[in-house]
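Student: This is the structure, below, for whatever I ask next.
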Amino acid sequence: MRFNKAILLAGGTGTRLKPMTNMINKHLLPVFDKPMIFYSMSILMLAKIRDICIVTNKENIGSFKNFFKRGDWLGLKITYKIQKKSIGIGDGITLCKKFIGKSNYALCLGDNFFYGGDLTGILKNAQDTAELCKILTYEVPNPSSFGVLSKKNKKHFIYEKPKKFIGNEIVTGLYFLPNESLKINSKLKKSKRGEFEITNLLNKIFDQHKSKVYKLNRGTTWMDLGNLDSLNAASDFIKLVQNFTNKKIACLEEISINNRWIKKISKNEMQEKYGDSEYYQYLKKLNFFN
């Protein structure tokens, strides 16, 4: 089973991060030394997915296009879709129906942060195993703020933001989905809050197909960057790890070269993108320039 395409959702209104998001898309906010979207983009690249569609709003699509362009400088093929209204993840999938075509695909929320030693192995396994649907889960102290995974009639089932305690294992914002999910998604109706919910889609898939759950262990960190506390915590975490390891988390150029998608990068192009920043100096030390 291969997942050759991915949807990267970078729209929404960033309500939990206002007033910062009154003037900027939250996925462009800095998380320590990089824009937030670098971290979700890096996960898709680590999963060896090169064909990516960024879904965002009309006001900010120019910023993404100006930076990423068509993605060929990273060995990627990037396309873009405008989401006019923030009416759920299911709507983002509908917008990408033509892009997905007959492929299976990954779906990643742009405000998710993953880091850990076994993460690359999980992503590889997700590409190689036969199950049609794969999800990643994580234990949190506040499960009522997320979709909580449980089992119902020996099948997985997700309870969206349950008021009663069900468990601490929640579903993160990275999904590997079968092509058939497009058809299932097209039949779903809006929830009570007026959105096409990913939870409803996943529960339908769980009911029809065998699924695989990757429970992220204690050596792996996941954060939802959509709130201020997590945004600040992630910045502190990234700073600490990078200072100790002398390696950057989510350096897109480094991942691309390690994947052998590109051999070198243009010094002039990197200087134009990053100026004489610390990020540029890191690339320079790696000796990646033409």
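The values are calculated or read from the model by the stated rules, or taken from the named source; none is laboratory data. Owing to the predicted nature of the structure, the values given are computational and were not obtained by experimental measurement. We place every Cβ from the backbone using ideal geometry, glycine too, and count neighbours over all the protein chains shown.
Student: For the range 169-191, name all the residues that are part of a loop (DSSP other than H, G, I, E, B) and either closer than 14 Å to residue 90 by Cβ or outside the structural domain of residue 90 (by TED's automatic domain parsing) (or both).
Tutor: Within the range 169-191, the subset part of a loop (DSSP other than H, G, I, E, B) is 178-180, 187-191.
Of everything in the range 169-191, those that are part of a loop (DSSP other than H, G, I, E, B) and either closer than 14 Å to residue 90 by Cβ or outside the structural domain of residue 90 (by TED's automatic domain parsing) (or both) turn out to be 187, 188, 189, 190, 191.
Student: What residue, of 123, 119, 132, 95, is closer than 24 Å to residue 262 by Cα, in contact with a Lys or Arg (Cβ under 8 Å, 6 or more places away or on another chain) and either of a type outside the set (Gly, Ala, Ser) or in contact (Cβ under 8 Å) with a residue 24 or more places away in the chain (or both)?
Tutor: Details: 119 fails: in contact with a Lys or Arg (Cβ under 8 Å, 6 or more places away or on another chain); 132 fails: closer than 24 Å to residue 262 by Cα; 95 fails: closer than 24 Å to residue 262 by Cα.
Every option except 123 fails the conditions.
Student: Yes or no: residue 114 modelled with pLDDT of 95 or more and part of a helix (DSSP H, G or I)?
Tutor: On the way: modelled with pLDDT of 95 or more: yes; part of a helix (DSSP H, G or I): no.
Against the criterion (modelled with pLDDT of 95 or more and part of a helix (DSSP H, G or I)), residue 114 does not qualify.
Student: Looking at residue 235 and the list (1) buried (at least 20 other Cβ atoms within 10 Å of the Cβ); (2) assigned to a helix (DSSP H, G or I); (3) at pLDDT 95 or above, which single condition is not satisfied?
Tutor: (1)
Student: Write out, first by first residue and then by second, each pair whose Cβ atoms fall under 6 Å of each other, whose residues are 6+ apart or on separate chains, and whose first residue, in the range 200-213, is at pLDDT 90 or above while the second is of a type in the set (Asp, Glu).
Tutor: Close Cβ pairs (under 6 Å, with a partner that is of a type in the set (Asp, Glu)) amount to 212/131.
Student: May I ask you to list the residues in the range 135-165 that are assigned to a loop (DSSP other than H, G, I, E, B) and more than 25 Å from residue 116 (Cβ to Cβ)?
Tutor: Applying the first criterion (assigned to a loop (DSSP other than H, G, I, E, B)) to the range 135-165 yields 140-142, 146, 153-154, 161-165.
Scanning the range 135-165 gives 153, 154, 161, 162, 163, 164, 165.
Student: Quick one: in the range 197-223, of everything that is within 17 Å of the chain's Cα centre (by Cα) and assigned to a helix (DSSP H, G or I), which residue is surrounded by the fewest Cβ atoms within 10 Å (Cβ to Cβ)?
Tutor: Only one residue fits best here, namely 199.
Student: Residues to consider are 81, 77; find the one that is in contact with a helix residue (DSSP H, G or I) (Cβ under 6 Å, 6 or more places away or on another chain), modelled with pLDDT of 95 or more, more than 27 Å from residue 239 (Cα to Cα) and not aliphatic (A, V, I, L, M). Talk me through it step by step, then tell me what you get.
Tutor: Working: 77 fails: in contact with a helix residue (DSSP H, G or I) (Cβ under 6 Å, 6 or more places away or on another chain).
Sole residue among the options that is in contact with a helix residue (DSSP H, G or I) (Cβ under 6 Å, 6 or more places away or on another chain), modelled with pLDDT of 95 or more, more than 27 Å from residue 239 (Cα to Cα) and not aliphatic (A, V, I, L, M): 81.
Student: Here are some conditions: (1) closer than 28 Å to residue 38 by Cβ; (2) modelled with pLDDT under 90; (3) touching a helix residue (DSSP H, G or I) at 6+ places or on another chain (Cβ under 6 Å). Residue 155 meets all but one. Which one does it not meet?
Tutor: That leaves (1) as the condition not met.
Student: Of all residues in the range 99-111, count the ones that are basic (Lys, Arg) and either in contact with an Asp or Glu (Cβ under 9 Å, 6 or more places away or on another chain) or at pLDDT 95 or above (or both). Let's see the steps before the verdict.
Tutor: We begin by selecting, within the range 99-111, every residue basic (Lys, Arg); these are 102.
After this cut, where a residue has to be either in contact with an Asp or Glu (Cβ under 9 Å, 6 or more places away or on another chain) or at pLDDT 95 or above (or both) as well, the list is none.
Qualifying residue count for the region: 0.
Student: While we're on this one: Residue 229 fails exactly one of the following numbered conditions: (1) out of contact with any strand residue (DSSP E or B) (no Cβ under 8 Å at 6 or more places or on another chain); (2) in contact (Cβ under 8 Å) with a residue 60 or more places away in the chain. What is the number of that condition?
Tutor: (2)
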